[in-house]
1. Is it the case that some residue within the stretch 346-365 is touching a residue at least 12 places away in the same chain (Cβ under 8 Å) and under 22 Å from residue 445 (Cα atoms)?
2. On the basis of being outside any helix (DSSP H, G or I) and outside the structural domain of residue 497 (by TED's automatic domain parsing), does residue 146 make the cut?
3. Scan the stretch 314-339 residue by residue and report those that are under 24 Å from the mean Cα position of the chain (by Cα) and either within 17 Å of residue 299 (Cβ to Cβ) or outside the structural domain of residue 488 (by TED's automatic domain parsing) (or both).
4. Quick one: in the stretch 480-489, of everything that is in contact with a strand residue (DSSP E or B) (Cβ under 6 Å, 6 or more places away or on another chain) and farther than 23 Å from residue 554 by Cβ, which residue is modelled with the lowest pLDDT?
5. Being touching a strand residue (DSSP E or B) at 6+ places or on another chain (Cβ under 8 Å) and farther than 19 Å from residue 325 by Cβ is the filter; apply it to the stretch 433-452 and report the residue that is modelled with the highest pLDDT.
6. Just checking, which of 506, 555 is modelled with pLDDT of 70 or more, more than 28 Å from residue 151 (Cβ to Cβ) and in contact with a helix residue (DSSP H, G or I) (Cβ under 9 Å, 6 or more places away or on another chain)?
7. Please tell me if residue 26 is surrounded by 18 or more Cβ atoms within 10 Å (Cβ to Cβ) and outside any strand (DSSP E or B).
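The values are calculated or read from the model by the stated rules, or taken from the named source; none is laboratory data. Worth saying up front: this structure is predicted, and the values here are computed from it rather than measured. Using ideal geometry, Cβ is built from the backbone for each residue, glycine included, and neighbour counts are taken over all protein chains shown.
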């Protein structure tokens, strides 16, 4: 059954085209992920697919009788209590328990936080579609559209949600920054595809049976970028040659050659398409204050709320030393006290018991969950400058490094997307030049490109990082140590990192752990084609393997940049001596990259075994 068919659809804003010439058909059972940078039109496209918005041109046809529903990023619930909204029955109870919604049953919907409202709306959608693979639910839909469904869920709830979505027979269309979810949900069930929105252009990546559409998209995008860079390099080489020829000849004084000279100059200085500030790398670094030997130490720290017999202990007996260069991730179910612990480390909250020692040179930068609390009427440039001075050229340059162009800099913050607000929050935090960075759910609403840039920044950042996140790929990449808040309020270091903690939780609850598909590693592009990994009969601990994996990935990134730089030098060189020298260096650099990729494959095999 066809749910929706989109043909030659175009939609533009006053300052840019969001997408043009989009063709995609979604049938019952399909799995479709929409990807693109913040502001590229992902949520807008979802609204077109549900019929809530009309495109500027093109056709959108819906299947006869197709039932379509959408989970908004910020859903608005009807008046009443949560229990009245959800209804009753075993389906509601089961879903509400898995999403942590049951404690909210007696609350009024207008008293819920944004995250709580999102979980309640998700629970309602899943309960209404509880027929699973049989599709027997009375209110089941033919197509379900989800906009950032994993925001505000803990790690266990995300794994449960993935399993639930895999079992559904309805078409699934989603926007998410969770790379594990993208990989799994576009692999387990077919047909699967990824719709990529790229600066006004549209690409639909269809996966072969049994393979990951997310991995297919990554491969295709990498090949497209490489091809465009080569084509642009060739164009500029030809233009430089023509420019040199025109400048040498006397005919350059005539009108026609002058026109040709201007055209050649424009080719040299221009590019195939204007990416604006997005054409440059995201430069998150704004400097770091020198850090001494002591950062933060917690001695027998605990926190409780309430008084007397009604007091509730969140956690207790926490002994923790945060050293220079530490990379600590705090995990635990929703409500276990992760944010409270981060507040104590940051000095925002005093503990109910124990002692907190802070180093004299520690400068704390805290990016909390409340990016949406930015004053909606203040412009972006005023927000960065602060209330005591006018924005200047340094503020402008800083914002451009963070991918805010001139239009965005003069816009009030209410006009920003969720991801842009999160990026603005990072600007304001890093502008303080902290040496202790505390991140509470930093990946919410960020697009995949910004996520990768944040990970690369943290790889080389010299300060200490303490974070809480539900993004498994982000935690695996950034964190060296994982601290778990256990039931009863104790805290311990977890062997095996996030995967080890999830396995332990699944064993305790008697549930099988949901495994990620083996078809692709999130953010890999061509690793699977480089060779066959070796088997290891015995080896180091999971945490050691994880650390070596991250170190190898960092080295691979640097090696790839070296290879790319040498290729650019060769493309621009004309002297045969330089060509020979650079060619020899390139051979060595490529061999080093190949060796690193082989090492990565061996370590990845050990991590999966």
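1. Yes, some residue in the stretch 346-365 is touching a residue at least 12 places away in the same chain (Cβ under 8 Å) and under 22 Å from residue 445 (Cα atoms).
2. Yes; evaluated as a whole, the condition is true for this residue.
3. 326, 328
4. 489
5. 440
6. Selected residue: 555, the only one of 506, 555 that is modelled with pLDDT of 70 or more, more than 28 Å from residue 151 (Cβ to Cβ) and in contact with a helix residue (DSSP H, G or I) (Cβ under 9 Å, 6 or more places away or on another chain).
7. no
Yes/no matrix, rows are residues, columns are (1) surrounded by fewer than 16 Cβ atoms within 10 Å (Cβ to Cβ); (2) under 28 Å from residue 223 (Cβ atoms); (3) at pLDDT 80 or above; (4) assigned by TED's automatic domain parsing to the domain that holds residue 183:
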{"residue": "535", "(1), (2), (3), (4)": "yes, no, no, no"}
{"residue": "543", "(1), (2), (3), (4)": "no, no, no, no"}
{"residue": "560", "(1), (2), (3), (4)": "yes, yes, yes, no"}
{"residue": "580", "(1), (2), (3), (4)": "yes, no, no, no"}
{"residue": "588", "(1), (2), (3), (4)": "yes, yes, yes, no"}
{"residue": "596", "(1), (2), (3), (4)": "no, yes, yes, no"}
{"residue": "604", "(1), (2), (3), (4)": "no, yes, no, no"}
